[in-house]
Each structure stands twice: as structure tokens, then as C-alpha cells.
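Only one structure is covered here, and it is reproduced in the block below.
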Amino acid sequence: MAAAPTQPEQFRGIPNIAEALRQQGYVADREVATAIHLSVVLHKPLLIEGAAGVGKTEVAKVMAQAIGTDLIRLQCYEGLDVHTALYEWNYQRQMLRIKLEEATGRPVEEKEQVIFSEPFLLKRPLLQAITAERAPVLLIDEVDRADEEFEAFLLEVLSDFQVSIPEIGTVRARHIPHVVLTSNRTRELSDALRRRCLYLWIDYPSFEKELTIVRAKVPEINERLARQICGFMQLVRTVPLAKVPGIAETLDWSAALMALHYEHLDPGAVEETLGCLCKDQEDLVRIRAHYVRPILDAVDAASGDGWTPERVGQLAAQLPRAR
Ligand SMILES: Nc1ncnc2c1ncn2[C@@H]1O[C@H](COP(=O)(O)OP(=O)(O)OP(=O)(O)O)[C@@H](O)[C@H]1O
Ligand SMILES: [Mg+2]
């Protein structure tokens, strides 16, 4: 049996997890910290879903940094096959060895045994994670992009943490990795995969959460500008857009405004930097034509109030209707 991962010191208890992630620059609300806690305690993979740019992948990265262990990343895409994910034989090295062995009189079976042994394996992410010396964080990123057959194979690996290599035998995990899967929901994942995982949904951040993130990631920003940016983001996300901006866009936009020495938001500043938060041509045209000024007016009007979801709803209701 593989050794279950011991609970890392930094991850004892939900407040400690939130603090450990904060030290790595990740703002984790209680839901996120609780999901990580349960995933670590129950040794279950954590499946994270949410819109683009809300901080799914980052969870795995900061977990690894916080625990001080390796991050092993398997980036999924259409057509990803088992060999790319698990292992391949190092053909060049095998060929070289065959050449070197030519002169020796060793029986063919023996030669085969040599070239199909562990030193001739190229370990890909899943095998790396299984054979790691200490429990790594295994990030299976954008699993929805992989094919269903690959998902079925993943299920096997995630249930047993062992793989069978015909020429070598069964390789069992020395330490069960901390597994994080992310999905953007481009297709539905199977029930079987969901059942095997704990689930975390990351929504677009509240005003307060996003403000905390901006302060943490762009510390030199002035408070007024940071609040205006976060208010703008709350409202722009209520507009029907092809690509709703995530936290990545908020951070890029903040950095761009700082680089251009803007102290506060005005129509000129927004116009000039709109490409940082709008990544779609039609969205760009629509926001420029109909929303920049109304949103800025709403942000100014709301500056003294709190940005509760109800308040965001009221302000959004006053924006022009989608065309
Ligand atoms: N809670 C957070 N605290 C600090 N930074 C965050 C947080 N959430 C997101 N970010 C920042 O936002 C950016 C985008 O995050 P990330 O890449 O994890 O998003 P994602 O959900 O995986 O997006 P995609 O679906 O496009 O892959 C990163 O630069 C990350 O640092
Ligand atoms: Mg991601």
C-alpha cells in the first residue's frame, strides 16, 4: 500500500491553510481553505471548477509552495494520450545501448531486459508524481479538454495510485500525491470522476476579495484607484460579454494603469487601457460604445457605500440594456 500523505505542518487547520496561502500571495476565503483542508485530510483529489481566470490553477501552485513540495503539472488538451501523461520509452537511449551491446554475446532476452528497465523510461507527469520521493502536488489542469477515454484512464490512476508497465510490472505510489484537477466546463466531466473528487466552485470574487487580491499583488497601488478598479470590475461582469474578465485581467489592468501613472479612473484612462480587461473585439466595441461612462458614473456614485452584492445588483440594473 502507498503511504498516505501525512498532513503537512503548514496545513493543520483551516485558519493555518488560509494563512499559508496568504503568505504565497493567494487570497483564500473560507470555502477555498476548507476544501483544501478536507482534500488533504481525506486524501481525496480536489476538483475545482469556475470561469476563466478566477484562480483555479493558482490553488495548486500556491499549495505546493506553501507545503514546500514539488508541483507536477499535467496540462490536458484534446488528443492527450496515456503515453504523454504517463511514460515513454527513451528510444534514442535504447538504440544507443543496442549498438553498444552489438559486440557482446549476450542473449537477446537479456539485452531486452536491460533496455526495457527503469533507467530507459522517460517519466511523464503521472509517473513522476507516483514515484516522487515525497508527496508532490499533482495538478491535472483543464481536464475537460482531454478526451473521455483519457478521463477513464485517469480514474484508474486516481483510484489506485498505481500503474502497470507491461515490461516492468506494477509501479505503486510511494506517497499519495495531493491531487488538484481544474476544469473550465467546456464539456461535462463524468459522474465517476466527480464522485472520486471533492468539489470546489470558485466564483468571480466579491468586491472585498478582489480588493484584497489587488492590494496583495499590486502593493504600490493607491487605495482610491484600487477601489475604483474593483468597483468597475464588479459592474463590467454584469454586462453580457463573450469573455467575462477574471482576476488575471483585473491584475493586468491595475499594473497597466500604474505603469501609465494614472492616479484614478477617468474615461480617458479606461479607453486607453481597455485591452487589458477586454479580450474580444465585439466586447471591446460594446463596452467602449455603451458602458465606459455609465459604469464610471456608477463607480463614483457608489464610492462612499459598501459594495455588497445587493448594491452591485442595484447599480447594474441602472446600466444600459444589452444590445
Ligand atoms: N484568490 C487569489 N489570490 C491572489 N491571486 C489570485 C487569486 N485568484 C486568482 N489570482 C490571480 O489571477 C490570475 C489567474 O489565476 P489562474 O491562472 O489560477 O486562473 P484560472 O482559474 O486557472 O484561469 P483559466 O481558467 O484561464 O486557466 C493569476 O495571476 C493569479 O495569481
Ligand atoms: Mg487555469
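The values are calculated or read from the model by the stated rules, or taken from the named source; none is laboratory data. Computed from a predicted structure; not experimentally measured. All Cβ positions, glycine included, derive from the backbone under ideal geometry; neighbour counts span all protein chains shown.
General observations
- Odd one out for Glu19 among (1) crowded, with 17+ Cβ neighbours inside 10 Å; (2) more than 15 Å from Trp201 (Cα to Cα); (3) within 16 Å of ligand 1 (Cβ to nearest atom): (1)
- Helices (runs of 4 or more DSSP H) lying entirely in the range 189-261 (those with 2 or more residues that are within 15 Å of ligand 1 (Cβ to nearest atom) and on the phi < 0 side of the Ramachandran plot): 207-217, 223-236, 247-259
- Residue among Glu88, Glu148, Glu133, Glu109 that alone is modelled with pLDDT under 90 and more than 16 Å from ligand 2 (Cβ to nearest atom): Glu109
- Lone unmet requirement of (1) more than 14 Å from ligand 2 (Cβ to nearest atom); (2) surrounded by fewer than 17 Cβ atoms within 10 Å (Cβ to Cβ); (3) not small (Gly, Ala, Ser) for His37: (2)
- Subset of the range 97-121 (residues that are surrounded by 13 or more Cβ atoms within 10 Å (Cβ to Cβ) and within 29 Å of Leu74 (Cβ to Cβ)): Arg97, Ile115, Phe116, Phe120, Leu121
- When the residues of the range 22-44 are filtered to those that are outside any helix (DSSP H, G or I) and touching a helix residue (DSSP H, G or I) at 6+ places or on another chain (Cβ under 8 Å), the one that is farthest from Ile213 (Cα to Cα) is Lys44.
- Scanning the range 122-164 for residues that are of a type in the set (A, V, I, L, M) and either exposed (fewer than 15 other Cβ atoms within 10 Å of the Cβ) or in a strand (DSSP E or B) (or both) yields Leu122, Val137, Leu138, Leu139, Ile140, Ala152, Val163.
- Single unsatisfied condition, Val236 versus (1) hydrophobic (A, V, I, L, M, F, W, C); (2) over 25 Å from the mean Cα position of the chain (by Cα); (3) modelled with pLDDT of 95 or more: (2)
- Condition met for Thr186 (closer than 23 Å to Ala33 by Cβ and either under 18 Å from the mean Cα position of the chain (by Cα) or among the β-branched types (Val, Ile, Thr) (or both)): no
- Filtered residue count, the range 45-84, keeping only those that are assigned to a helix (DSSP H, G or I) and either more than 10 Å from ligand 2 (Cβ to nearest atom) or not assigned by TED's automatic domain parsing to the domain that holds Thr182 (or both): 9
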